[in-house]
Amino acid sequence: MGSETIKTGRLANGETQKSVHKEKRGLSSNGMNGKHENLGSNRAGTSSSGEGYDLMMNTGDVDGNLDGDIEPVFKKARQGDLTFQDIHDNGDFFDEDEEDDSDWEPVQKHVELIKWFCVNCTMVNLGDGAVCDLCGEHKDSGILRLGYFASPSSQDAGCSEVEFEMKGKNKEMHSQLSASNSSTAIGFDERMLLHSEVQMKSHPHPERSDRLRAIAASLATAGLFPGRCYPISAREITREELQMVHSLEHIQDVELTSHIFSSYFTPDTYANEHSACAARLAAGLCADLASTIFSGRVKNGFAMVRPPGHHAGVREAMGFCLHNNAAVAALAAQAAGAKKVLIVDWDVHHGNGTQEIFDQNKSVLYISLHRHEGGKFYPGTGSANEVGRNGAEGSCVNIPWSRGGVGDNDYIFAFQNLVLPIATEFAPDFTIISAGFDAARGDPLGCCDVTPAGYSRMTDMLYTLTGGKLLVILEGGYNLRSISSSATSVIKVLLGEGPGSELGNIAPSRAGLQTVLEVMKIQMNFWPSLGSSYAKLQSQWGAYCNTRKQIKKRQRTEPPIWWKWGRKRLLYHILVRRLHVKSKGKPSLHSS
Ligand SMILES: [Zn+2]
Ligand SMILES: [Zn+2]
Ligand SMILES: [Zn+2]
């Protein structure tokens with residue numbers, strides 16, 4: 001599964017075949033129909049396998065019609081735009097090697113290069129090893145069937161007896177369940193799995209349908225969904241609702257893609273014929289979850305949706321995002337009667353779209369924690385100085401990390417000293433979390449270190465804020481194991497399970513502390529309650545800053561860790577990647 005055998009020198013051909021194969025597998029595998037047939041999905045027309053067949057029949061169009069067809073919706077990325085393109089380029093040096101094979105002609109018949117992409121982290125692996133070099137996932141692991149409960153290092157063994165028993169039990173629980181004001185609702189529709197990149201590039205796109213498959217499989221195996229959570233029926237958002245957030249031109253651009261086999265808004269933001277529908281379903285589910293929660297028909301909810309939304313601005317799709325789901329949900333909550341809505345965005349990237357939509361709106365407070373690194377980390381916006389404008393100053397709070405590797409302690413420290421004090425002063429009656437899980441430990445794009453326990457702690461801290469009226473919306477997150485264990489932890493908190501052990505004193509990193517102090521200094525102009533704690537923190541942590549400095553200096557004299565690694569290929573990976581990124585002068589996705 002997910003592997004391919006390529007004879008040297010025939011890469012292009014092999015990849016075309018693989019992309020078709022992958023589409024077909026994506027649509028027909030995994031038993032999603034069986035698992036969620038009671039979700040109110042009313043897919044018209046063709047069956048799963050029928051759609052797969054259509055794609056196979058259409059592949060002839062790719063070469064002939066692509067250039068002309070994508071013209072209306074292809075918006076050329078502006079010069080200097082930061083994109084996720086780097087991750088596509090990671091595989092380039094392998095391709096170059098494979099094409100430059102003339103010297104090897106005599107042995108070509110006997111050499112077969114096995115190249116496969118890890119199902120868990122998408123990284124390319126060479127050779128006949130069965131386990132991913134980067135994340136340790138077995139190439140035929142059961143992660144898409146059992147979620148993160150599957151053993152990472154061994155092949156999927158098929159259904160066990162325990163599993164059958166559990167599935168039966170889940171169904172039973174599910175049939176007894178109906179919505180009540182104490183239940184947790186889940187928004188999901190399998191048509192969102194059809195949104196995928198048609199063109200096969202040197203690397204699979206990280207925003208792929210397996211993300212939802214892995215989360216759904218984890219929730220099913222844990223008995224949470226189907227099981228303890230309540231499914232809400234899917235609805236496509238209307239054009240009128242979208243126009244409250246997006247320009248008509250943007251909405252029409254997205255609609256147009258449903259007539260085109262493959263198109264791109266930016267080099268990293270793809271669409272196929274199903275993308276517009278998937279985006280309308282994602283936004284519709286978020287809107288309905290928001291109004292259902294606010295009106296008290298359910299207690300809280302989780303939107304298991306894609307494409308993600310927080311980079312989508314008023315008139316622009318970008319960063320894998322087509323429509324801004326969180327913004328649509330915030331306005332739906334307000335239409336249902338909410339006066340003040342809080343959006344906390346813990347995706348590792350700044351939600352530039354959400355900020356743009358609300359930065360003049362005092363009734364929506366947007367707080368984002370993200371890697372920023374002086375604007376070098378995608379999308380480059382979200383400095384602490386961006387606070388909202390035109391009378392809405394303070395309605396935008398950016399907490400911009402200055403480096404990668406940020407972990408639980410820094411996040412929780414920022415929650416204790418910024419997010420909660422500001423949110424309490426704002427006093428929202430509805431809270432939305434833009435929950436990307438790409439700051440999770442193991443994420444190939446985010447390269448941070450937040451654990452499932454950290455995510456459940458943050459959820460718990462926001463949970464109490466608005467009497468539990470909380471909607472969690474999936475944004476990014478690209479390591480299947482990390483996103484599905486994190487999402488499961490968050491949903492357990494929504495179901496009323498506490499986050500575990502009590503919090504001791506949280507010690508932030510020096511860089512994390514500096515960021516928090518910098519943001520406090522700016523935001524205390526708009527949120528007076530920060531004033532006293534700012535002075536206190538400064539005196540409390542001033543000495544700590546100095547001692548940490550000395551420790552850091554001592555650590556730097558140690559030999560670099562990779563000298564201790566025995567595997568030459570890992571070293572090669574890292575060196576080539578570094579050089580590659582440097583020579584292009586783009587920000588590295590792997591910097592830390
Ligand atoms: Zn991997
Ligand atoms: Zn964010
Ligand atoms: Zn992200």
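The values are calculated or read from the model by the stated rules, or taken from the named source; none is laboratory data. Not measured: the values here are computed from a predicted model. Counting neighbours? That spans all protein chains shown, and the Cβs are built from the backbone with ideal geometry, glycine included. Just the protein is used for accessible areas: all its heavy atoms, side chains included, with ligands, DNA and RNA removed. Shrake-Rupley method; radii C 1.70, N 1.55, O 1.52, S 1.80 Å.
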Exercise for the section: Filter the stretch 493-512 for residues that are buried (at least 21 other Cβ atoms within 10 Å of the Cβ) and either in contact (Cβ under 8 Å) with a residue 60 or more places away in the chain or in a helix (DSSP H, G or I) (or both) and give the result. Expected result: Val493, Leu494, Pro508, Gly512
Exercise for the section: State whether the residues of the stretch 439-457 include one that is without any contact (Cβ under 8 Å) to a residue 40 or more places away in the chain and either more than 16 Å from ligand 3 (Cβ to nearest atom) or not assigned by the TED database to the domain that holds Met520 (or both). Expected result: yes
Exercise for the section: List every residue pair whose Cβ atoms lie under 7 Å apart, where the two residues are 6 or more positions apart in sequence or sit on different chains, the first residue falls within the stretch 112-130 and is within 17 Å of Gly142 (Cβ to Cβ), and the second residue, located anywhere, is open to solvent by 20 Å² or more (accessible area, probe 1.4 Å) and within 8 Å of ligand 1 (Cβ to nearest atom). Expected result: Cys118/Leu134; Cys118/Cys135; Asn120/Cys135; Cys121/Leu134; Cys121/Cys135
Fill in the blank from the handout: Within the stretch 246-263, residues being among the hydroxyl-bearing types (Ser, Thr, Tyr) and either open to solvent by 10 Å² or more (accessible area, probe 1.4 Å) or at pLDDT below 95 (or both) number 2
Problem - Meets criteria (without any contact (Cβ under 8 Å) to a residue 40 or more places away in the chain, open to solvent by 10 Å² or more (accessible area, probe 1.4 Å) and farther than 30 Å from Gly158 by Cα) for Glu236 - result: no
Completion exercise
Exception for Arg371 within (1) in contact with a Pro (Cβ under 7 Å, 6 or more places away or on another chain); (2) under 25 Å from Gly405 (Cβ atoms) falls at (1)
Handout entry: Qualifying residues in the stretch 443-460 (those that are assigned to a loop (DSSP other than H, G, I, E, B) and surrounded by 23 or more Cβ atoms within 10 Å (Cβ to Cβ)) - the one farthest from ligand 1 (Cβ to nearest atom)
Key = Gly446
Problem - For Thr184: the one exception among (1) polar (S, T, N, Q); (2) within 16 Å of ligand 1 (Cβ to nearest atom); (3) modelled with pLDDT of 50 or more - result: (2)
Exercise for the section: Could you please find all residues in the stretch 422-442 being open to solvent by 10 Å² or more (accessible area, probe 1.4 Å) and among the charged types (D, E, K, R)? Expected result: Glu425, Asp429, Arg441
Practice task
Please find, within the stretch 293-302, the residue that is farthest from the chain's Cα centre (by Cα) out of those that are buried (at least 24 other Cβ atoms within 10 Å of the Cβ) and either over 13 Å from Ala435 (Cα atoms) or within 16 Å of ligand 2 (Cβ to nearest atom) (or both).
Solution key: Ile293
Problem - Search result, residues across the stretch 360-390 that are under 18 Å from Ala333 (Cα atoms) and within 16 Å of ligand 2 (Cβ to nearest atom) - result: Val364, Leu365, Tyr366, Ile367
Problem - Condition check for Leu418: within 27 Å of Ser151 (Cβ to Cβ) and either modelled with pLDDT of 95 or more or not polar (S, T, N, Q) (or both) - result: no
Handout entry: Of residues in the stretch 461-477 being among the small types (Gly, Ala, Ser) and within 13 Å of ligand 2 (Cβ to nearest atom), the one surrounded by the fewest Cβ atoms within 10 Å (Cβ to Cβ)
Key = Gly477
Exercise for the section: Would you mind stating whether Arg481 is within 19 Å of Arg208 (Cβ to Cβ), open to solvent by 20 Å² or more (accessible area, probe 1.4 Å), of a type outside the set (Gly, Ala, Ser) and part of a helix (DSSP H, G or I)? Expected result: yes
Problem - helices (runs of 4 or more DSSP H) wholly inside the stretch 180-294 containing at least 3 residues that are farther than 30 Å from Asp429 by Cα - result: 210-221, 248-256, 275-294
